[in-house]
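The structure under discussion appears below in the form of structure tokens.
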Amino acid sequence: MSTVYEQLGGEAAIEAAVDVFYRKVLADHYVNRFFEGVDMEKQAAKQKGFLTMVTGGPNNYTGKDMREGHKHLVKMGLNDAHVDHILCHLRSTLAELGVAQDLIDTVISVAESTRDDVLDR
Amino acid sequence: MPTIHFEGDDYLCNEDETILECMTRHGVLLPSSCQSGACQTCLIRAQEGTPPPESQAGLKDTLKAQNYFLACICKPTEDMSIGLSSISPRHSVKITEKTPLNESVVRLRLAKPDDFSYKAGQFINLMRPADDLTRSYSLASNPDDDFLELHIKRVPDGKMSNWVFDELNVDDEVVFFGPAGDCFYVAGKPEQPLLLVGTGTGLAPLFGILRDVLTQGHTGPVHLFHASLAVPGLYLEQELRDIAAKDEHFTYIPCVLHGDIPEGGQQGNIADIPAQMLGSLSGYRVFLCGDPPIVNALRQKSFLAGASMQDIFSDPFVFAPHEG
């Protein structure tokens, strides 16, 4: 069975997805304070890595990366409600790109599995 | 088997091995993270040899043009010399012209060495020969010009700028090295609309890019916003109006934060003006130069207005009045 990554069209499609996803996140006032002052290009590259991972593409993402990368945000108050928002944006992004409901559910369950790492617990 | 040259040593790369794997096998640890071509941590430059196109997937056109590639997905097809930074020789040249452009900006022209090549919009590092004090300045000239042009703003307590204003004269020698910078025009997509926004001497690289764009036969609309606190901070106004009068693709919009509004111009926060005037920036290629907080704000606003991240090129200037 091919992965969502392959069905979407691989690297180029993930590149396009990052643009849609990041734009939604930055426009969301409930979460965008966590992105203030970050280098947009580095951030987009990280999101590309994340989207590649959750769609089942080639990656070497580890829970440790997720934990280390978000620790300073947890100190700033990052919690479940913020993660929920991000997952919503991920759902809408995939829907906008025409991904079927069952595949969206698969992707979200992978993303959901990183929650405890992201929130450092 | 291709040989990879890195920092003075040669490494043999096995069949079907990536450069990152090859270097790791030899005990040379390059920065890396995802190992799948996504995170760009292992971005490196080929100083000799050509990286395979698939090793440049997802990189900006300006990085591709300078032979940058991702070591983790690069299976080399030929010998390559790679490095984390570029090495450039120093050039010693004469000042050929020094003209004030407004009350705080001077135009400096340097003789262009024969063996120096660059892309319009890149910057060079200018050195004061007496003590090697070094500052970066964007090139406002075009590679076809037989001179290099810099726009230098007098910075309060700025060691280099005050020296340029008060002591440097035509026929004096200066030293420079470079070029560097990823904010330039890459030919292709000639119909794409372009947005150029600069504050202060951020106009310098944009002036170079503008002339490059027009020379290369770009057919899409080109909008240049030049922002200053007030009218006296604008410069090259007449030249830009002349280009706009001759070229129907090109629009020049001088912007001020307060005071009189120049003809055809705008007043307000430059971070908001382009998206307000142009509406959606979807499909635009965007060039942003000047004051870092404004460049960063413009980068985010251009992206939110629809410009793709891959199509936003920026050069935030850093002013260093108290160091060096």
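The values are calculated or read from the model by the stated rules, or taken from the named source; none is laboratory data. Since the model is a prediction, treat every value here as computed from it, not as a measurement. When we count neighbours, we look across all protein chains shown, and the Cβ atoms used for this are built from the backbone with ideal geometry, even at glycine. These area figures cover heavy atoms from the full protein model, side chains too; ligands, DNA and RNA do not enter into them. Shrake-Rupley method; radii C 1.70, N 1.55, O 1.52, S 1.80 Å.
What number, in percent, do you get for the relative contact order of the stretch B:17-131 if the mean sequence gap of Cα pairs under 8 Å and at least 6 apart is divided by its residue count?
22
List the lysines whose Cα sits under 18 Å from the Cα of B:Lys112, skipping any in the same chain fewer than 8 residues away.
Here the lysines satisfying the reach criterion relative to B:Lys112 are B:Lys94, B:Lys98.
Leaving out same-chain residues fewer than 8 places away, which aspartates and glutamates sit with a Cα under 12 Å from that of A:Lys48?
A:Glu11, A:Glu15, A:Asp19
Just the number, please: carbon plus sulfur as a percent of the accessible area of chain B, 1.4 Å probe, no ligands or DNA/RNA counted.
In chain B, the share of accessible area belonging to carbon and sulfur is 49 percent.
Alpha carbons only, please: Rg and Dmax for the stretch B:194-316, in angstrom.
13.1, 37
Can you give me the angle between helix B:292-304 and the longest principal axis of chain B, using Cα atoms only, in degrees from 0 to 90, rounded to the nearest 10?
On a 0 to 90 degree scale, this one is about 80.
For chain A, modelled as a Gaussian network with Cα springs under 10 Å, which listed residue fluctuates most, A:Thr52, A:Thr62, A:Thr93?
In this elastic network of chain A, the residue with the biggest mean-square fluctuation among A:Thr52, A:Thr62, A:Thr93 is A:Thr62.
Mind pulling up the Rg/Rh value for chain B? Radius of gyration and Kirkwood radius, both on Cα.
My calculation puts Rg/Rh at 1.00.
Is it possible to state the helix-based mean residue ellipticity at 222 nm for chain B, with each DSSP H run of 4+ residues giving -39500 (n - 2.57), the sum divided by total residues, to the nearest 500 deg cm²/dmol? What is it?
-5500 deg cm²/dmol
What relative contact order, as a whole-number percentage, does chain B give when Cα pairs under 8 Å and 6 or more residues apart are counted?
13
Helix by helix, which DSSP H runs in chain A go 20 Å or more along their axis at the Cα atoms and have an average Kyte-Doolittle hydropathy of 0.5 or more?
A:10-27
Net charge within 15 Å of B:Ser117 by Cβ-Cβ distance, Lys/Arg positive one each and Asp/Glu negative one each, not counting B:Ser117 itself?
Net charge in that neighbourhood comes out at -4.
Relative contact order of the stretch B:91-180: what whole-number percent is it, with Cα pairs under 8 angstrom and at least 6 residues apart?
With pairs under 8 Å counted, the relative contact order is 38 percent.
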